[in-house]
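One structure follows; several queries about it will come next.
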Protein chains: 2
Amino acid sequence: MDNPLPAAARALRAAGHRLTRARLAVLQVLEAEHAGLSPQELYERGRAIYAPLGLVTVYRTLALLDELGLVRRVHSDQERHAYACAGADRHHLLCSGCHRLVEFPCQGLDELVASVQARTGYRITEHLLELTGLCPACQATGGPADPTPHHPAPRGA
Amino acid sequence: MDNPLPAAARALRAAGHRLTRARLAVLQVLEAEHAGLSPQELYERGRAIYAPLGLVTVYRTLALLDELGLVRRVHSDQERHAYACAGADRHHLLCSGCHRLVEFPCQGLDELVASVQARTGYRITEHLLELTGLCPACQATGGPADPTPHHPAPRGA
DNA sequence: GCATAACTGAAAACGGTTGTCAACAAGGGG
DNA sequence: CCCCTTGTTGACAACCGTTTTCAGTTATGC
């Protein structure tokens with residue numbers, strides 16, 4: 001199979017870090033998937049690429065990638081953090097059905113931020129915007145298009 | 001001292017739950033503070049009001065209040081969850097200096113959401129927006145205006 | 001006051017994340 | 001090509017926040 005050597009891998013090297021098999025495995029999984037992945041999931045899938053991969057290394061790799069801005073942390077509601085490749089925008093749209101994750105440009109947000117800034121006197125430096133909904137595919141199937149959700153815990157009256 | 005019996009306390013009763021001393025303590029701390037508090041902090045401060053309060057009860061109370069919509073979960077960046085009293089709006093503006101938390105109306109957000117909806121085909125059901133910056137007071141002092149970001153108050157105060 | 005069921009607190013269980021440390025391997029130099 | 005240096009790794013355990021368990025307690029209705 002071909003290893004296209006992800007752009008992130010080159011960025012890693014450029015930043016003076018070694019390009020190890022473990023890191024490459026994590027990067028490949030991350031690039032292949034278009035959804036937020038938990039460290040655990042990353043670990044499991046990564047081992048399919050590089051068997052001796054350890055969970056601890058996944059955590060460290062994720063921390064490194066996050067530091068370099070190559071990956072982004074996503075808050076999946078109450079769930080644990082998930083990570084996804086970082087694109088131009090930092091805003092995520094999460095499908096509650098299939099957990100697919102897309103990024104979108106925040107066109108109107110700047111104005112909103114400016115407005116809040118003017119009204120409150122705060123000097124705003126960061127913003128986190130995450131939208132949740134159903135993607136077209138999941139709407140079509142009348143619910144989760146993916147029959148394998150990670151948390152079917154209807155713990156509520 | 002006077003116990004104004006927070007509105008949330010009445011809501012609790014109205015929902016058919018008992019108004020216990022432990023819950024009252026948590027509510028009082030929550031109402032007194034205008035910042036997001038972690039369960040641990042809530043526990044420490046709550047014990048100043050009601051000594052036998054247990055951490056477990058804080059968690060349970062928080063879960064109950066969240067379920068009733070009386071409290072809201074805040075993601076403090078990489079930190080653990082924090083909780084704050086829920087107001088009309090679900091959007092928070094967090095000061096990185098003093099950790100003060102204010103809510104603000106999301107006037108322009110609906111349009112932004114509608115725009116994203118139209119562009120992506122997703123049916124958006126939820127949104128999370130958190131802004132971070134420096135409040136006027138912290139800007140004035142050139143940094144954190146409060147030298148004690150969030151330290152536990154074992155006694156007094 | 002009494003009964004009852006909701007509620008509580010202590011401790012333990014649990015699961016995710018981080019620290020430790022000897023072994024390993026990526027990358028540069030000889 | 002091999003060696004060396006040192007960043008990196010992986011197994012294990014420590015750590016910490018959260019949840020479960022369970023017997024004792026307390027709020028509320030009678």
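Just so you know, all these numbers are worked out from the coordinates, no wet-lab data involved. Here the structure is a predicted model, which is why all the values come from computation and not from measurement. Note: ideal-geometry Cβ built from the backbone for every residue, glycine included; neighbour counts use all protein chains shown.
Between copies, how close do the B:Ala51 label points come, placed 7 Å along Cα→Cβ, listed in nm from shortest?
Label-point separations across copies, in nm and ascending: 6.2.
With Cβ to Cβ distances under 9 Å as the rule, what net charge do the other residues near A:Phe104 carry (K, R +1; D, E -1)? Don't skip to the end; give the middle numbers.
Values: positive: B:Arg119; negative: A:Asp89, A:Glu103.
Overall, the nearby charge balance is -1.
Okay, moving on. Quick one: dipole size for the range B:3-138, taken about the Cα centre, charges +1 on Lys/Arg Cβ and -1 on Asp/Glu Cβ, in debye to the nearest 20. Spell out each step's value before the answer.
Working: 15 positive and 14 negative charges, 124 e Å.
That gives the range B:3-138 a dipole magnitude of about 600 debye.
Using only alpha carbon pairs under 8 Å that are at least six residues apart, calculate the relative contact order of the range B:1-62 and give it in whole percent.
Numbers: 44 pairs, mean separation 19.2, N = 62.
Rounded, it is 31 percent for the range B:1-62.
Shifting gears a bit: Averaged over peptide B:117-125, how many Cβ atoms belonging to another chain are found within 10 Å of each residue's Cβ? Don't jump to the answer; show the numbers that get you there.
Details: counts 3, 0, 4, 8, 6, 15, 8, 7, 5.
Mean number of neighbouring Cβ atoms from other chains: 6.
What number results when the radius of gyration of the range A:89-148, computed over Cα atoms, is divided by 2.2 N^0.38 Å? Provide the component values of the computation, followed by the final result.
On the way: Rg = 15.6 Å, N = 60, 2.2 N^0.38 = 10.4 Å.
Its radius of gyration relative to the 2.2 N^0.38 Å reference: 1.49.
If you don't mind, another one. Can you tally the net charge around A:Ala15? Count Lys and Arg as +1, Asp and Glu as -1, for every other residue whose Cβ sits under 14 Å from the Cβ of A:Ala15.
+2
Around B:Asp66, with a cut-off of 9 angstrom between Cβ atoms, what is the net charge of the other residues, counting Lys and Arg +1 and Asp and Glu -1? Don't skip to the end; give the middle numbers.
Numbers: positive: B:Arg72, B:Arg73; negative: B:Glu67.
It works out to a net charge of +1.
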